[in-house]
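S.K.: There's a structure below that I have some questions on.
Every number in this text was worked out from the coordinates using simple rules, so none of it is lab data. Quantities reported herein were computed from a predicted structural model and do not represent experimental measurements. Don't worry about glycine lacking a Cβ; one is built from the backbone with ideal geometry, like all the others, and counts go over all protein chains shown.
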Amino acid sequence: MAKGLSGMLKQAQKMQEQMTKLQDEAAKKTTEATSGGGMVTAVVNGKQQLLSLKLEEDVVDPSDIEMLQDLIIAAVNEAMKRSQEEVAAEMSKLAGGMKIPGLF
């Protein structure tokens, strides 16, 4: 019984180390998304941090600020969604397809 528990603990520790490494790697990866036909581009990392936001000059119309705001929100949300999906896919590989609450 003790050997089984010891083996499980070692396996859990190894998985924890792999998850930490995966999270560190995810932080270095970037995901990009655009909206408005490429007029707004958002880049986020695996930690869900917005790294850059690019606006094409033609999209800036002082008489239609709401459209610009909507395009920015759409681009950032899509970049975040893609990034989350990539991290979840990597975590799923690590967990062997198991759904572990709180990880993804």
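S.K.: Around residue 90, what is the net charge, scoring Lys/Arg as +1 and Asp/Glu as -1 over all other residues with Cβ under 11 Å from its Cβ? Kindly include the intermediate steps, with their values, before the conclusion.
M.R.: Working: positive: 21, 29, 93; negative: 25, 85, 86.
Local net charge: 0.
S.K.: Using helices alone, I'd like the mean residue ellipticity at 222 nm for the chain: each DSSP H run of four-plus residues gives -39500 (n - 2.57), total over residue count, nearest 500.
M.R.: Details: 2 runs with 57 residues, N = 104.
Counting only the DSSP helices, I get -19500 deg cm²/dmol.
S.K.: Turning to a different aspect of this structure: I need the phi-derived Karplus couplings for segment 6-13: 6.51 cos²θ - 1.76 cosθ + 1.60, θ = phi - 60°, integer Hz, Gly and Pro marked x.
M.R.: 4, x, 5, 5, 5, 5, 5, 5
S.K.: Still on this model: How many percent of Cα pairs in segment 7-57 exceed 17 Å?
M.R.: Numbers: 676 of 1275 pairs.
Result for the distance tail: 53 percent.
S.K.: Output the relative contact order of the chain, whole-number percent, from Cα pairs under 8 angstrom with separation of 6+ residues. Could the numbers behind the result be given before it?
M.R.: Numbers: 117 pairs, mean separation 26.3, N = 104.
Across the chain, relative contact order equals 25 percent.
S.K.: Can you list the HN-Hα couplings for segment 82-91, worked out from phi with the Karplus curve (6.51, -1.76, 1.60; θ = phi - 60°), rounded to whole Hz and with x for Gly and Pro?
M.R.: With the stated coefficients, segment 82-91 comes to 4, 5, 4, 5, 5, 5, 4, 5, 5, 5 Hz.
S.K.: Same structure again: Among the listed pairs 21/81; 14/54; 10/93, which have their C-alpha atoms separated by more than 29 angstrom in this model?
M.R.: On the way: 21/81 21 Å; 14/54 40 Å; 10/93 19 Å.
Pairs exceeding 29 Å: 14/54.
S.K.: Using the scaling law 2.2 N^0.38 Å as the reference, what is the normalised Cα Rg of segment 2-94?
M.R.: Values: Rg = 19.4 Å, N = 93, 2.2 N^0.38 = 12.3 Å.
The reported ratio for this selection is 1.57.
S.K.: Continuing with the same structure: Pick out, in residue order, every one of the trypsin sites (Lys or Arg not before Pro) in segment 1-52 that is DSSP loop and has at most 16 other C-beta atoms within 10 Å; say none if there are none.
M.R.: Passing both the DSSP loop test and the Cβ count: 29, 47.
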